[in-house]
Amino acid sequence: MTSIHEFTTDFRSLLDKKRFEEQTIDGQSGFYDKTEQVFVPENVFANLLGNIGPKYQPSNAEIQRMINTSSKRVSNTLKNTYKNSKDSYAQIFLSYLSHKFLIENQNHPRNMVILYIDLVGSTALTAILNPAELSMIIRIFCQEISICISRYFGYVLKYAGDAVIGFFPEVSTLSRENLYQHAIKCAFYMEKLLDESINEILFQNGYPKLKSRIAIDAGENQIIILGSEPDLLGHVISRAAKIMSKATPNNIIIGDNVFRYLNDSIKVKFPVKDKFMLFETGEIYPIYISN
Amino acid sequence: MHNSFYIELIDLDDGLEDIHKFITNENKSLLIRGKSGTGRTTLALEIAKSHLNKFEVIFISRNISINNLHSRFPWTKEILKSYNIVSINTNPDFILSEASVILNTLMNTLSNRIQKIEDPFIPVKEKPRPFIILEIWDNITKELHNNDIIRIQKILSSLIDKNGGFIIFLTENMDNTDMDNLVDGIITLDQSFYKSYRLREMQIYKLKGTGINRSKIAFTLSNGMFRTFSPLSHKINFDKKNNFIFLPNKEKIFSTGNQRLDNKLQGGFKKGSIISVEIEEEVDRFAFVPIFVPLVLNFVSQSYGALVISAWDQNTLAVTRYIKPFVNKKFLNKYFKIIGKGNQIKKDKKSSEKMPSYIIPGIEGNFINTFNFWEKEYEELRTRTDGCLVTVDFSFVELQYQNEILDIQKAIINFSSNIRSSNDLLVMVSRPNYKSLEVMKSISDIHLKLLEFNGAVMLAAIKPQFFLYNVQTDQNAGYPRSYLIDSS
């Protein structure tokens, strides 16, 4: 299995030879993506991976740089969304990385953090935006959230309407505590990203600001292949989805399985304790909510 | 400098508008017929250029490289990616020249079209639809029976339809064939010759579901580009008027006021030369304005005299409205004279407006008296300037003095001789079939002709054969100016 830490320095190892064919077109060397039927020049790949690759414990200055880069991307996407456009290649590639990981690790139970994020009030948005504008905004939201998950050692499992589901698998190069803290930091970074990048640019362009809520839980999941699509099956993924109902806009809610592994400096960010009863098992599960 | 780049900025009426609408109307195929050298490929590429927002151009040709194509048509660099140029060896001995192989190549090209990612963070566009220019249609079909040709055409059409594309077939076969019924549009390109010049013509026979506003359109392939000639616009933009920017006269040459014309005439009109201008019946009088007015303005703006002898049937206002707004009033009063009907100031008792001093009312009487009067005014203007332009339309003079044709012919000779010896410039105008035209032609140094071709106005140098231009009115200069496009 390829360690996710390495992929900015040796991106060739991430490219499946069955899908990516090395080619030179118009004097530019790069890779032909057979599935998408697009040619990605090498410098574009380098730019892509430099912007989506994981950052181990990013400093405040690095976080600010990531926010600034995101603002530029959001602004650019607003200018370059075409009537019949698809996802960005960054999103396509992030999905590829996720599928690649899941397929390589299929049929093995694996401990991982599950992160749910969805837009609050997206139904109200349909009343004030036309379908093209709404889909553009959701596209922007999904792209920025996907990059954010990748930056913090995670993968995007799937998009579900206006929600993104990410997972952060345990890997040998990161301790469980470190991984869980990264997932929590990722959630806080998402809030910052929404506030300082996405909403700022949307507002400047006359669009309404977005609100989100996030739920995080951890535990063992089974990776399975349904048809050709890999997926996760397990108690944790459904529990994470369910505890989301307790989250209010702009809040992060985490399950006890995650909370227990956090250090005190992070625990204090979740001052509200609540509990959630899982109907299937009758289990009372403690949850913690950010302020 | 101003004159050298204005040509690029001019906004021309597009004679391909009907064809563009036809493509936008979701039609699938167009047949362009024309003999070798008539501009089929250039037209196909020109049409494709306007649809790049929806289509990706694929050029299927015989033995052509990207460098070869780009050197023939430098402007195609933006249109054609190297991987969309499919070159097929059409040598009949070559196995790959067989129709089935070519069709296979075409199918592979369609399914392997490549889209390049420039920015990974902006949404990927839908794959553009293929816009195929099939230059080798004749090579594919030449050894096939009619039924096979129809079958191949149907296969291609369904392939194009499946990909939401558009195809242009290029053929040298000028005859009507069964294919005419299968394609959505048909255009024929042709060329004819006038003197030593080439005149090109596009005929639109069929554009399914699209109205054809102009079915015969003149065009040029000058500089490797397909440009249609539109009818001459009579519009002069008086709202955006500017003072005329003159082109300086030289020691032995008067500039025409038009850089392109000057270039073709090796600097302009030689001092002391006689110019005859023949205007065909189909060309209306306005056509002379964008050519003649800059000449007058160029004289007056640099303190040279201009004497215009106006046609007796028209008010001088018909001429002065194109001159007065674009030149300094002092220069106009000092260096410009127009002889003609001077009653354009309405007899309004309250009006204090006087007739401008540059308008000289014509005199009554016979032609000899009138001619003497012209000469007197010319001599008077000549005392104030170093050079003078005189223009007169002799066809109207002939109409006015129908019993004095011989005197008119003599006057043409005498006037020419006088102006030649003074190193001035005489521009005489006439319509065909007037006696004066024959005399003018024989004594002039340069004979120009304004003629009509498929609704467009052309300016031809007949003696000597320097140029054939399409004449357009330049709306951007802020004063009357012609925009001349080479016919080649």
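Using +1 at the C-beta of Lys and Arg and -1 at the C-beta of Asp and Glu, which of B:Ser303, B:Ile412, B:Gln191 has the Cα lying farthest in the positive direction of the dipole of the protein assembly as shown?
B:Ser303
By its C-alpha gyration tensor, with a ≥ b ≥ c as the square roots of the eigenvalues, how is the stretch B:273-403 shaped: rounded for a/c under 1.5, else prolate for a/b larger than b/c, else oblate?
Since a/c stays below 1.5, the shape of the stretch B:273-403 is classed as rounded.
Using label points projected 7 Å from each Cα along Cα→Cβ, tell me how many nm separate B:Lys354 and B:Ser488, to one decimal.
Each label point is offset 7 Å from its Cα along the Cβ direction, giving 5.3 nm.
Nearest 0.05, what FRET efficiency do A:Lys158 and A:Asn250 give at R0 = 22 Å with Cβ-Cβ as r?
0.40
How big is the dipole moment of the stretch B:30-90 about its Cα centre under a simple scheme where the beta carbon of each Lys and Arg is +1, that of each Asp and Glu is -1, and everything else is neutral? Debye, nearest 20, please.
My answer is approximately 180 debye.
Where a ≥ b ≥ c are the square roots of the eigenvalues of the C-alpha gyration tensor, would you call chain A rounded, which needs a/c under 1.5, or, failing that, prolate if a/b is larger than b/c, or oblate?
oblate
If you line up the long axis of helix B:367-382 against the longest principal axis of chain B, both from Cα atoms, how many degrees apart are they, to the nearest 10?
That works out to roughly 80 degrees.
With axes computed from alpha carbons, what is the tilt in degrees of helix B:146-162 against the longest principal axis of chain B, rounded to the nearest 10 within 0 to 90?
Long axis of B:146-162 versus the principal axis of chain B: about 90 degrees.
So if the hydrodynamic radius of the protein assembly as shown is defined as the Kirkwood radius over C-alpha pairs, what does Stokes-Einstein give as its diffusion coefficient at 4 °C and 1.567 mPa s, in µm² per second?
It comes out at roughly 39 µm²/s.
For peptide B:122-132, what's the mean number of Cβ atoms from other chains within 10 Å of each residue's Cβ?
5
Obtain the nm distance between the two label points defined at A:Ile128 and B:Asn476 by a simple spin-label model: each point lies 7 Å from its Cα along the Cα-to-C-beta direction.
4.4 nm
Report the relative contact order of chain A, percent, no decimals, based on alpha-carbon pairs under 8 angstrom and at least 6 residues apart.
Reported relative contact order: 17 percent.
If you build the convex hull over the alpha carbons only and average its shadow over all orientations, what do you get for the stretch B:145-203? Give it in nm² to one decimal.
Approximately 5.2 nm², given one-decimal rounding.
Counting other C-beta atoms within 10 Å, and keeping those with at most 14, which DSSP coil GluC sites (Glu not before Pro) do you find in the stretch A:21-68?
Here no loop site has a sparse enough neighbourhood.
Note down the net charge around B:Leu450, summing +1 for each Lys or Arg and -1 for each Asp or Glu among other residues with Cβ under 13 Å from its Cβ.
So the surrounding residues net to -4.
Sort B:103-109, A:190-196, A:281-287, A:127-133 by packing, meaning the average of other beta carbons within 10 Å per residue, with the highest value first.
Descending packing order for the listed peptides: A:190-196, B:103-109, A:281-287, A:127-133.
For the cross-link pairs A:Lys246/A:Lys269; B:Lys252/B:Lys435; A:Lys34/B:Lys81, which exceed 22 Å when the distance is taken from alpha carbon to alpha carbon?
Correct reply: B:Lys252/B:Lys435.
Taking the Cβ-Cβ separation of A:Glu104 and B:Phe466 as r and a Förster radius of 56 Å, what is the calculated FRET efficiency to the nearest 0.05?
With R0 = 56 Å, the Cβ-Cβ based efficiency is 0.15.
So, in Å, what gap is there between the alpha-carbon centers of the stretch B:123-180 and the stretch B:201-221?
If we compute the Cα centre of each part, the gap is 20 Å.
Excluding same-chain residues fewer than 8 positions from A:Lys79, which lysines have a Cα within less than 17 Å of its Cα?
Leaving aside lysines fewer than 8 places away in the same chain, those within reach of A:Lys79 are B:Lys125.
Give the separation of the Cα centroids, the stretch B:430-488 to the stretch B:265-321, in Å.
12 Å
Go ahead and estimate [θ] at 222 nm for chain B from helices alone: -39,500 (n - 2.57) per DSSP H run with n ≥ 4, summed, over the residue count, rounded to 500.
Estimated from H runs of four or more residues: -9000 deg cm²/dmol.
Go through B:179-192, B:254-267 and give me the packing order, highest mean Cβ count within 10 Å leading.
Highest-to-lowest ranking by the protection proxy: B:254-267, B:179-192.
Sum -39500 (n - 2.57) across every DSSP H segment of at least 4 residues in chain A, then divide by the residue count to get the 222 nm mean residue ellipticity, nearest 500.
Taking each H run of at least 4 residues, the total per residue is -12500 deg cm²/dmol.
Could you tell me whether the stretch A:29-166 comes out rounded, prolate or oblate from its Cα gyration tensor? Rule is a ≥ b ≥ c as square roots of the eigenvalues, rounded for a/c under 1.5, then prolate if a/b exceeds b/c, otherwise oblate.
rounded
Report the relative contact order of chain B, percent, no decimals, based on alpha-carbon pairs under 8 angstrom and at least 6 residues apart.
RCO, chain B: 17 percent.
Suppose we look only past 19 Å in the calculated P(r) of the stretch B:10-88. What percent of the Cα-Cα pairs does that tail hold?
41 percent
Compute the separation of the alpha-carbon centres of the stretch A:271-291 and the stretch A:110-180 and state it in Å as a whole number.
About 22 Å separates the Cα centre of the stretch A:271-291 from the one of the stretch A:110-180.
For B:Arg321, put the label point 7 Å out on the Cα→Cβ axis and report which residues of the stretch B:229-249 keep their amide N under 16 Å from it.
Only B:233-241 pass the distance filter.
Taking 7 Å along the Cα-to-C-beta vector as the label spot, tell me the A:Arg65-A:Lys192 distance in nanometres, rounded to one decimal.
It is 1.4 nm.
Stokes-Einstein D for chain B at 20 °C, 1.002 mPa s, Kirkwood Rh over Cα pairs, in µm²/s?
Here the translational diffusion coefficient equals 83 µm²/s.
Return the aspartates and glutamates within reach of B:Lys324: Cα separation strictly under 12 angstrom, same-chain partners fewer than 8 residues apart disregarded; answer none if there are no such residues.
Within the straight-line cut-off, B:Lys324 pairs with nothing.
Net charge within 10 Å of A:Gln222 by Cβ-Cβ distance, Lys/Arg positive one each and Asp/Glu negative one each, not counting A:Gln222 itself?
Neighbour charge sum, excluding A:Gln222 itself: -1.
Tell me the Kirkwood radius of the stretch A:158-200: reciprocal of the mean inverse pair distance over distinct alpha-carbon atoms, in Å.
Its Kirkwood hydrodynamic radius stands at 12.0 Å.
Between B:Arg384 and B:Asn243, what FRET efficiency comes out of the Förster formula 1/(1 + (r/R0)^6) with R0 = 22 Å and r the beta carbon distance, rounded to 0.05?
So, using R0 = 22 Å, E works out to roughly 0.55.
For the stretch A:226-291, what is the charge dipole size about the Cα centre, in debye to the nearest 20, if Lys and Arg each add +1 at the Cβ and Asp and Glu each add -1 at the Cβ?
Roughly 320 debye, rounded to the nearest 20.
Name the longest site-free stretch of chain A, where the excluded sites are chymotrypsin sites (Phe, Trp or Tyr not before Pro) in a DSSP loop with no more than 12 other beta-carbon atoms within 10 Å.
Longest site-free region, per DSSP loop and neighbour criteria: A:57-278.
Would you mind giving the average projected area, over all directions, of the Cα convex hull of the stretch A:230-291 in nm² with one decimal?
Its Cα hull, projected and averaged over all orientations, spans 5.1 nm².
Where does the stretch A:115-243 land on Rg/Rh, using Cα atoms and the Kirkwood Rh?
Value, to two decimals: 0.99.
What does the charge count around A:Met112 come to, taking other residues whose C-beta lies under 15 Å from its C-beta (Lys +1, Arg +1, Asp -1, Glu -1)?
Combined, the nearby Lys, Arg, Asp and Glu give -2.
May I ask you to order B:434-440, B:276-282 by the average number of other C-beta atoms within 10 Å around their residues, highest value first?
Peptide ranking by packing, descending: B:434-440, B:276-282.
Each reported figure results from applying straightforward, stated rules to the coordinates on display, with no laboratory input. Please read all numbers here as calculations on a predicted model, not as lab measurements. Virtual Cβ from ideal backbone geometry, glycine too; neighbours counted across all protein chains shown.
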